[in-house]
Amino acid sequence: MKSVCVFLGSSAGNHPAYERATADLGRELARRRITCIYGGSRTGLMKTLADSVLEAGGEVVGVTVQLLKDKEEFHRGLTRLHVVPTMHERKNLMIELSDAFLALPGGIGTLDELFEVCTLRQLGFHSKPCGLLNVHGFFDPLRDMLGKTEREGFMKRPVQDALDVAEDPAEILDMLRRGIPSLP
């Protein structure tokens with residue numbers, strides 16, 4: 001696994017566990033020499049992730065849209081920053097650049113990105129693994145809802161086949177790696 005796209009909040013959230021887990025993930029990505037692909041911001045958990053990867057000697061690639069670059073603060077120390085015209089192109093480039101996808105706590109934008117890559121995987125547009133780093137039980141309500149969609153007959157594959165879930169950064173990276181078809 002050469003690259004992981006991480007979807008996460010541009011805010012830090014209300015619990016210190018979110019920043020701790022994000023920094024731990026960043027260091028683990030760098031230690032494993034896995035390039036971090038993310039939204040390019042220098043705020044909230046996004047900043048924590050980029051800073052921790054870079055401080056540990058890793059590579060970080062940001063993907064943003066011109067509108068966001070013009071109105072928000074983007075991280076200036078990135079290995080590379082791609083600027084595209086639309087959110088649709090942003091998500092497409094993130095998918096293209098990544099071997100796997102991982103969501104951390106975040107808001108509706110994080111969930112949008114997660115659901116899009118999971119939907120595209122379910123429909124067969126890619127076979128890249130998707131996961132959740134379930135920090136401080138953040139994704140427990142989402143997992144409950146997805147379980148209900150499965151029980152009610154709205155999911156074609158079991159939830160556990162659609163998403164890997166772990167509370168530890170090293171464990172979730174191991175799970176994602178095992179989910180890449182060409183890797184053992």
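Looking at region 28-35, can you tell me whether even one residue there is in a strand (DSSP E or B) and modelled with pLDDT under 95? Give the steps one after another, and end with the answer.
First, the residues of region 28-35 that are in a strand (DSSP E or B): 35.
Narrowing further to those that are modelled with pLDDT under 95: none.
Scanning region 28-35 turns up no residue that is in a strand (DSSP E or B) and modelled with pLDDT under 95.
Between K47, K91, which is within 24 Å of L142 (Cα to Cα) and not aliphatic (A, V, I, L, M)?
Values: K47 fails: within 24 Å of L142 (Cα to Cα).
After ruling out the rest, the residue left standing is K91.
Would you mind finding the one in S3, S11 that is out of contact with any strand residue (DSSP E or B) (no Cβ under 8 Å at 6 or more places or on another chain) and either modelled with pLDDT of 95 or more or hydrophobic (A, V, I, L, M, F, W, C) (or both)? Walk me through how you get there before you give the answer.
On the way: S3 fails: out of contact with any strand residue (DSSP E or B) (no Cβ under 8 Å at 6 or more places or on another chain).
Sole residue among the options that is out of contact with any strand residue (DSSP E or B) (no Cβ under 8 Å at 6 or more places or on another chain) and either modelled with pLDDT of 95 or more or hydrophobic (A, V, I, L, M, F, W, C) (or both): S11.
Tell me yes or no: at least one residue of region 5-17 is without any contact (Cβ under 8 Å) to a residue 60 or more places away in the chain, under 23 Å from E96 (Cα atoms) and small (G, A, S).
Taking region 5-17 first, the residues without any contact (Cβ under 8 Å) to a residue 60 or more places away in the chain are 12, 14, 16.
Filter once more, keeping what is under 23 Å from E96 (Cα atoms): none.
No, there is no match, as no residue in region 5-17 is without any contact (Cβ under 8 Å) to a residue 60 or more places away in the chain, under 23 Å from E96 (Cα atoms) and small (G, A, S).
Which of (1) farther than 13 Å from V6 by Cα; (2) in contact (Cβ under 8 Å) with a residue 60 or more places away in the chain does L123 not meet, given it meets every other one?
(2)
Having 3 or more residues that are touching a residue at least 60 places away in the same chain (Cβ under 8 Å) and surrounded by 20 or more Cβ atoms within 10 Å (Cβ to Cβ) is the bar; report the strands (runs of 3 or more DSSP E) wholly within region 40-113 that clear it.
In region 40-113, the matching strands (runs of 3 or more DSSP E) lie at 100-103.
Inside region 114-124, can you point out the residues that are part of a helix (DSSP H, G or I) and out of contact with any Pro (no Cβ under 9 Å at 6 or more places or on another chain)? Working first, answer last.
Within region 114-124, the subset part of a helix (DSSP H, G or I) is 114-122.
Across region 114-124, the qualifying residues are L114, F115, E116, V117, C118, T119, L120, Q122.
The values are calculated or read from the model by the stated rules, or taken from the named source; none is laboratory data. This one's a predicted model, so the numbers in the text were calculated from it and none came from an experiment. Glycine also receives a Cβ, built like all others from the backbone with ideal geometry; neighbour counts cover every protein chain displayed.
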